[in-house]
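Engineer: Sharing a structure, written as structure tokens. Questions coming.
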Amino acid sequence: MDYQAVIEEVAAHARPYAGQGQVADYIPALERVSADRFGIAVADIDGKVYGAGDWEVPFSVQSISKTFSLALVMAQGHSSHSGDDEIWRRVGREPSGTPFNSLVQLEAENGIPRNPFINAGALVVTDRLLTLTGDASTALLHFLREESGNPDLAFDQAVADSEADHGDRNAALAHFMASFGNLENPVPSVIEHYFWQCSIEMSCRDLAVAGGFLARHGLRADGSRLLEAREAKRINAVMLTCGTYDAAGEFAYRVGLPAKSGVGGGIVAVVPGRCTLCVWSPGLDARGNSVAGAAALDHFTTLTGWSVF
Ligand code: GLN
């Protein structure tokens, strides 16, 4: 497969969509990004990286961090001997069909979020990571630096502060779950770490490389094992069914790959056994997924035939 030729064709196809949709404006710090950016990177399972457009420009990872915090909780679960089952007692793995920051299911479902990729579920995962590591956001940042091979990755303080200033809904989700006994740590610490993790800045290149273990069935770039193959398979399965919020069905239909999006406009997608991709363009559709990013992934699987279906 000539990856460079493919992603250049994908970029040419998707670029006209860049600028469509709405840049996230729920916090002022994200609103400032220009909508017409577009980047794509592919990292193959041997660690070779190919890119086009703004593929080396850092952006706010936002909810893409939820994939990596879940992976880290699973990996940490090995060393703490609690296994990966512990987390699944506190968070489900069904698509929610509701927006990523919705409260409505939590009451009827006793404070157990539908899945780890909506905000409520990610707060539970961050809470678990806080218990396991003592410092969830720093543990995640170090993990991402290692996996991406980029020691310069950092939090964006302005974004983290802005999240906290406009954090009432996430605080409400956390308090609600705490009232059902589904948080181990105090709400203020959990949401603080969650805001920090969302604020990490990474490029398409960084994210495609860092997500390599999902294409390598749990193996890191150096060949050591981060996750059991079945755990990587499970993360990919939950990405496919829940990774793009209430558009996961549409994504499976159009793209057919495990994918996780964020309101910064990035989407990471995995072709198990072959490669990990990341696309970025800040204009979002009504469900919070990048318009040009979705068009790019759609075209990628059309060209390559690499949908998991
Ligand atoms: N920081 C955002 C929030 O918590 C992340 C949401 C997202 O990327 N969908 O609302």
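Engineer: Less than 18 Å apart at the alpha-carbon level, and either on another chain or at least 8 residues along: which aspartates and glutamates does that give for Lys48?
Structural biologist: Here the aspartates and glutamates satisfying the reach criterion relative to Lys48 are Asp2, Glu8, Glu56, Glu146, Glu147, Asp206, Asp222.
Engineer: On average, how much accessible surface per residue is there in the chain, in Å², for a 1.4 Å probe, leaving out ligands, DNA and RNA? Walk me through the numbers on the way to the answer.
Structural biologist: Working: 11760 Å² over 309 residues.
Normalised by residue count, the accessible surface of the chain is 38 Å².
Engineer: Also, quick follow-up: When the expected Rg is taken as 2.2 N^0.38 Å, what fraction or multiple of it is the alpha-carbon Rg of the range 185-309?
Structural biologist: Numbers: Rg = 14.8 Å, N = 125, 2.2 N^0.38 = 13.8 Å.
Relative to the rule-of-thumb radius for its length, the range 185-309 sits at 1.07.
Engineer: Tell me which of Thr126, Pro272, Ser65 sits at the most positive position along the dipole axis of the chain, charges placed on C-beta atoms (Lys, Arg +1; Asp, Glu -1).
Structural biologist: Value computed over the given set: Pro272.
Engineer: Of the heavy-atom accessible surface of the range 84-223 (probe 1.4 angstrom), what whole percent is carbon and sulfur?
Structural biologist: Working: 2650 of 5490 Å².
Carbon-and-sulfur percentage of accessible area, whole number: 48.
Engineer: Now a separate question. Report P(r) for the range 95-154: all Cα-Cα distances, bin width 5 Å, range 0 to the bin holding the largest distance, values in whole percent.
Structural biologist: Going from the shortest bin to the longest, the percentages are 4, 18, 20, 16, 16, 13, 8, 4, 1.
Engineer: Now for a separate question. Find the Cα radius of gyration of the chain, compare it with 2.2 N^0.38 Å by division, and give the number to two decimals.
Structural biologist: On the way: Rg = 17.5 Å, N = 309, 2.2 N^0.38 = 19.4 Å.
Normalised Rg, Cα atoms only: 0.90.
Engineer: Run down the lysines and flag those whose C-alpha is under 17 Å from the C-alpha of Lys66, throwing out any fewer than 8 positions away in its chain.
Structural biologist: List returned: Lys233, Lys260.
Engineer: Let me ask something additional. Taking the Cα centre of the chain as the origin, how large is its charge dipole in debye, to the nearest 20, when only Lys and Arg (+1) and Asp and Glu (-1) carry charge on their Cβ atoms?
Structural biologist: Details: 23 positive and 37 negative charges, 156 e Å.
Rounded to the nearest 20 debye, it is 760 debye.
Engineer: Find, among the trypsin sites (Lys or Arg not before Pro) in the range 203-309, those assigned to loop by DSSP (not H, G, I, E, B) with at most 13 other beta-carbon atoms within 10 angstrom. Could you put the intermediate results ahead of the total?
Structural biologist: Numbers: sites: Arg205, Arg216, Arg220, Arg225, Arg230, Lys233, Arg234, Arg254, Lys260, Arg274, Arg287; in loops: Arg216, Arg220, Arg274, Arg287.
Passing both the DSSP loop test and the Cβ count: no residue.
Engineer: Right, another one. Among all cysteines in the chain, which have no other cysteine Cβ under 4.7 Å from their own Cβ?
Structural biologist: Cys198, Cys242, Cys275
The values are calculated or read from the model by the stated rules, or taken from the named source; none is laboratory data. Everything quoted here is computed from the prediction, not taken from an experiment. For neighbour counting, all protein chains shown are included, and Cβ atoms are generated from backbone atoms with ideal geometry for every residue, glycine included. Note: accessible area is taken over every heavy atom of the protein model, side chains too, but ligands, DNA and RNA are not part of it. Shrake-Rupley method; radii C 1.70, N 1.55, O 1.52, S 1.80 Å.
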